[in-house]
Amino acid sequence: MIPKVYTRPEHNISRDQISANALKVLYRLKNEGYEAYLVGGCVRDLLLGREPKDFDVATDASPEQVKQAFRNCRLIGRRFRLAHVFFGRDIIEVATFRGAGDKVQDQRKVDQDGRLLHDNNYGTIEEDAVRRDFTVNALYYNIKDFSIVDYVGGMDDHRAGMMRLIGDPETRYREDPVRMIRLVRFAVKLSFSINPECEKPVFQLADLLANIPAARLHDEALKLFLSGYAVETFEMLRHYGLFAHLYPLAEESLSYEEDGFPRLFIAKALENTDKRIAVGKTIAPYFLISTFLWDAVKNQVEQNTQAGLPESVAFQQAASAVISQQAKHTTLPKYISTAMREVWGLQVRFSRRNGARAFRLLDHPRFRAAYDFLLLRAETGGADEQLAIWWTKFQAVSETEKQKMVSALNKNTPRKRRRKRKPAQQKQKQENE
Ligand code: ATP
Ligand code: MG
């Protein structure tokens, strides 16, 4: 196949946009007599004038040859070996062109100890291009003459702003169902449309995600929701029936929404995530997942309580059940599940502010996240707004003011008012069901 080659004047990628370390790697390989290209997401993003997340290099040098060319290089991966070239904390990934069907060969070719042999996996640049997922992800920037090499029509699609799978869409989704999720991620992130032929099979094939290991789905899910476009991504995933395979419990709670309430809670959480990312704040993955699963936890607590379990046991068991159910779809590493439990568990403690309780809660390491969670509930009708306001003030004022707030609470919370509040809370509960 003869590729289309876009010479330097025919595209807008200039070397100033390429990281100095990536350039060093490209030039070194070239000077050693190898072919060297930037490939994948970085070329796609550079063409859009965006700063790439990282720079990936493809070459005809074998991993061993790459290692010999760089002192600061380590080979990784078993099934397919990659070279990592280190510059302090910056890593440039260098991959040897990958041949077609390397999976099959990998499974068959083992040495007498069962170790995989890799010698047959490498291929030509053309083979490397066609095994990639989308046409816009298969463009190669050649360091030899600064041209872009295109075997799959990626440049036309890029100009048209269109996501298109390389090859037959259904076959490619069946090969790797995660490509359906990647389709959504890139379409949203790049504001690209989706080629109709590539869109159609997704509705039918979404179920194939059930076969993907939960660990991989967790990694993909984080990329989906933590890259600044969570709201749109969520909408599109639901549209294609993909969200249900990532977070079935959340999908379920969305389907029995009442007055738009549960839906609003998750939507608001996604919106806040995007806002935080937009202003450069950090995002804890557990927070968003804890909002996804909140309704499921509440329902389970209710059931457990009705079955006669004491409150705290009802909660612990509900949290465990929901976490283990979710973990079948996307793994929840211990640090995530522990944090989620804490955030959920602290919710009941916000209304218990008497004596030293409010101060103890404030000192809890997970207070901040739990408070954010409370705000979100209050904003969407799931918690008492006055309570949220009280806690906002409590954090802002001096120690003496804090003391005053708590003692005012102790004095001014006559039985009457407490009694009054109870039915109101129950009513709210019923509304939320
Ligand atoms: P991002 O900016 O989000 O990292 P990316 O395009 O670099 O986007 P990666 O997941 O880093 O995405 O993958 C790098 C490249 O590897 C892709 O551009 C694509 O060419 C190829 N690739 C990744 N995943 C797949 C897949 N599941 N099937 C085929 N090719 C893939
Ligand atoms: Mg990448």
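The values are calculated or read from the model by the stated rules, or taken from the named source; none is laboratory data. Because the structure is a prediction, the values reported are computed rather than measured. Neighbour counts are summed over all protein chains in view; Cβ atoms, including those assigned to glycine, are modelled from backbone coordinates with ideal geometry.
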Revision key, fill the gap. Conditions (1) farther than 29 Å from ARG368 by Cβ; (2) touching a Pro at 6+ places or on another chain (Cβ under 7 Å); (3) assigned by TED's automatic domain parsing to the domain that holds GLY345 -> LEU205 fails only (3)
**Study point:** Selection count, the range 198-226, where residues are within 16 Å of ligand 2 (Cβ to nearest atom) and touching a Ser or Thr at 6+ places or on another chain (Cβ under 8 Å)
**Key:** 2
Revision key, fill the gap. Filter the range 133-144 for residues that are surrounded by 20 or more Cβ atoms within 10 Å (Cβ to Cβ) and assigned to a loop (DSSP other than H, G, I, E, B); the one that is farthest from the chain's Cα centre (by Cα) is ILE143
Exercise for review: May I ask you to verify whether GLU197 is more than 24 Å from the chain's Cα centre (by Cα) and over 30 Å from LYS30 (Cα atoms)?
Suggested key: yes
Exercise for review: Scan the range 1-24 residue by residue and report those that are in contact with a helix residue (DSSP H, G or I) (Cβ under 9 Å, 6 or more places away or on another chain) and hydrophobic (A, V, I, L, M, F, W, C).
Suggested key: MET1, ILE13, ILE18, ALA22, LEU23
Practice item. Select from the range 205-242 the residues that are within 16 Å of ligand 1 (Cβ to nearest atom) and outside any helix (DSSP H, G or I) and write down the one among them that is nearest to the chain's Cα centre (by Cα). Key: LEU226
Check your understanding: Quick check: is even one residue across the range 284-291 of a type outside the set (Gly, Ala, Ser), under 20 Å from the mean Cα position of the chain (by Cα), farther than 17 Å from TYR247 by Cβ and part of a helix (DSSP H, G or I)?
Key -> no
Review point. Do we find a residue being part of a helix (DSSP H, G or I), within 16 Å of ligand 2 (Cβ to nearest atom) and free of Cβ contacts under 8 Å to residues at least 24 places away in the same chain anywhere in the range 187-195?
Key: no
Review point. Which of the residues that make up the range 4-43 are surrounded by fewer than 23 Cβ atoms within 10 Å (Cβ to Cβ) and within 11 Å of ligand 1 (Cβ to nearest atom)?
Key: GLY41
Review point. Looking at ALA296, ALA284, which one is of a type in the set (A, V, I, L, M, F, W, C) and either over 21 Å from ALA388 (Cβ atoms) or at pLDDT 95 or above (or both)?
Key: ALA296
Practice item. Quick one: in the range 262-276, of everything that is surrounded by fewer than 22 Cβ atoms within 10 Å (Cβ to Cβ) and touching a helix residue (DSSP H, G or I) at 6+ places or on another chain (Cβ under 8 Å), which residue is modelled with the lowest pLDDT? Key: ARG263
Point to revise | Single residue of the range 1-59 satisfying the filter (under 28 Å from GLY161 (Cβ atoms) and of a type in the set (S, T, N, Q)) that is farthest from ligand 2 (Cβ to nearest atom) | key: THR7
